Structures are given as C-alpha cells and as structure tokens.
1. Long-range amide H contacts for Asp104: which residues qualify at under 5 Å (H placed 1.01 Å from N, peptide plane, sequence gap of 5 or more or a different chain)?
2. Answer with one residue from Leu77, Val100, Gln56: the one whose Cα lies farthest towards the positive end of the charge dipole of segment 1-111, charges on Cβ with Lys, Arg +1 and Asp, Glu -1.
3. Which of the peptides 78-91, 29-42, 48-61, 9-22 is most tightly packed, and how do the rest follow, going by the mean number of other Cβ atoms within 10 Å of each residue?
4. Round to a whole angstrom and tell me the spacing of the C-alpha centers of segment 1-61 and segment 72-95.
5. Rounded, prolate or oblate: which one fits segment 1-85, using the alpha carbon gyration tensor with axes a ≥ b ≥ c (rounded when a/c is under 1.5, else prolate when a/b beats b/c, else oblate)?
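Coordinate-derived values only; no laboratory data. These numbers come from a predicted model, not from an experiment. Every residue, glycine as well, gets a Cβ built from its backbone with ideal geometry; the counts of neighbours run over all protein chains shown.
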Amino acid sequence: MLNRIVIMGRLARDPELRRTQSGIAVTSFRIACDRDFKSQNGEKSTDWIDVVAWRQTAEFVSKFFTKGRMAIVEGRLQSRDWTDKDGNKRTAIEVVADNVYFGDSKRDGADRGDSFGGYSAPAYNGPAGGYSAPVGGASDFAEIDEEDGELPF
C-alpha cells in the first residue's frame, strides 16, 4: 500500500510547538491550498489542510515558518477518530509531515500584503563591503574563437 501526499500552500496561522509528556516535539499548523480551477461564479476555492510534524521537523517548522509563509509538505494522510465532550463521534483528517520545505524565499514573502498578513524580512543587499573583482583581473581568461567548432571538453 502507498500513502504519500505532497501539498503546497501558505500557512494560515503561526505553527504551535508543543511537547509530549516524554519531551517529543510536535507542531501543528494549517495550510491554505488554492484549487487550480474557478467556480461557476469565477472565484477560486481554497482547501484548508491540517498538518502535524514531529521531532526535528516540528522544531524546524516552528523556528522558520510563520503565518503567510509558503510551504511544501511531504508526508502521509492520516485519519483519527475520537469522542468529544458531548459524546459525539468525531473524525479528523490531517497530513503527518515527513519533510517540510520552503515554497518561497524570505524576500518574496516580505512583499506580500494579502489576507495572510505577510511578514517582514530584511532585504538582501549582497555581501558587506560590496563586490570586488577577482585577483589577477580579466587577463587570466583566454578568449575563445567563435569559428572553432570544437568544444574544449
């Protein structure tokens, strides 16, 4: 049997990091995934998918991801049944994340002004001190004759 899922979307809220009684890290968060098609009234629908990450993945997500950040989640689909305080049987379907990847760069997400709230990240301005030419200058390179049809490798 195969149970693999890959989803990509934006975090709907900041991840919650908790620890089990034995100290294992667990993080839960929700991803908003837009559907590829529009409804009859011309609007796109969004699926809200609950995700749970454990151990190092949980710590990674809670440290580097915030509301509005694009994430790619790879894992498996899981359903859980329980009885609520009123005695009703309930079911939860969630993705148990094996791997979580950045779906955007920090700089891309900093410019977002949408309903997810965006986040601010410092702009990257290159290395301190600016660019300096390599030692030896351009004279270390030989010009290749374009008429020579043979490649040097």
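1. The list, which skips near neighbours in sequence, is Met70.
2. So the residue we want is Gln56.
3. Descending packing order for the listed peptides: 48-61, 9-22, 29-42, 78-91.
4. 13 Å
5. Since a/c reaches 1.5 and a/b is larger than b/c, the shape of segment 1-85 is classed as prolate.
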